[in-house]
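Where a number appears in this text, it was derived from the coordinates with a stated rule and is not lab data. What you see is a predicted model, and the numbers here were worked out from it, not measured in a lab. Glycine also receives a Cβ, built like all others from the backbone with ideal geometry; neighbour counts cover every protein chain displayed.
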Amino acid sequence: MSEPLFVIVAILTLGGGLGVVATRNVVHAALFLLLSLVSVAGIYLLVFAEFLALVQVLIYGGAIIIVLIFAIMLTRSQEYPRISDNPQWPLAIVAGLAVFGVLAASFLWNLPPASEPEGPGLAKIGESLFTKWAVPFEVVSLVLLVALVGAIIIAGRAGDRE
């Protein structure tokens with residue numbers, strides 16, 4: 001694995017995550033989340049997990065962010081009081097630093113083996129997805145479609161009441 005490229009992608013991932021937490025604009029937070037998710041797809045590519053990278057970009061980078069932006073646009077944020085700073089932020093910083101310390105220590109003490117990673121390949125995963133798992137895949141897509149139509153109907157009825 002190319003270490004300088006990994007460092008660049010890791011910095012983009014962390015920067016996107018910090019942007020999500022630090023910004024006060026929810027649309028900017030969604031765009032920072034997109035940056036972070038696409039950077040995670042870059043990490044998947046660096047470890048030769050092409051299918052996971054493709055799913056990360058299509059499902060999370062595309063569909064989830066679009067649904068999130070639709071939800072932001074459909075909610076009436078002016079109806080809610082402005083959220084001020086939470087008084088528990090010092091506790092959140094301590095908890096975040098503790099989690100970071102535990103993760104950093106576990107990564108440093110349990111170094112990965114030096115062998116090259118090897119994945120099953122996109123052809124084998126695609127064949128399995130569209131033969132063995134075709135029906136569950138379609139059922140999930142129908143459930144998500146029904147949920148989206150229901151959300152649109154609920155949002156339309158809420159707009160009619162005004």
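When the Kirkwood hydrodynamic radius is evaluated over all pairs of different C-alpha atoms of the range 1-78, what value in angstrom, to one decimal, is obtained?
On the way: mean 1/r = 0.0765 Å⁻¹.
In the range 1-78 this quantity evaluates to 13.1 Å.
Tell me, what is the percent relative contact order of the chain, built from C-alpha pairs under 8 Å that lie six or more residues apart? Present the calculation step by step, with values, prior to reporting the outcome.
Numbers: 81 pairs, mean separation 28.9, N = 162.
RCO, the chain: 18 percent.
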Relative contact order of the range 1-78, defined on C-alpha pairs under 8 angstrom at six or more residues apart (%): 29
Within 10 Å, count the other beta carbons around each residue, average over each peptide in 132-145, 53-66, and list them highest first. 53-66, 132-145
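In square nanometres, what is the average projected area of the Cα convex hull of the range 120-162?
Projected over every direction and averaged, the Cα hull of the range 120-162 covers 3.8 nm².
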Helix-only estimate, please: 222 nm mean residue ellipticity of the chain, summing -39500 (n - 2.57) across DSSP H runs of length 4 or more and dividing by its residues, to the nearest 500. -23500 deg cm²/dmol
The Cα radius of gyration of the chain, divided by 2.2 N^0.38 Å with N its residue count, comes to 1.34
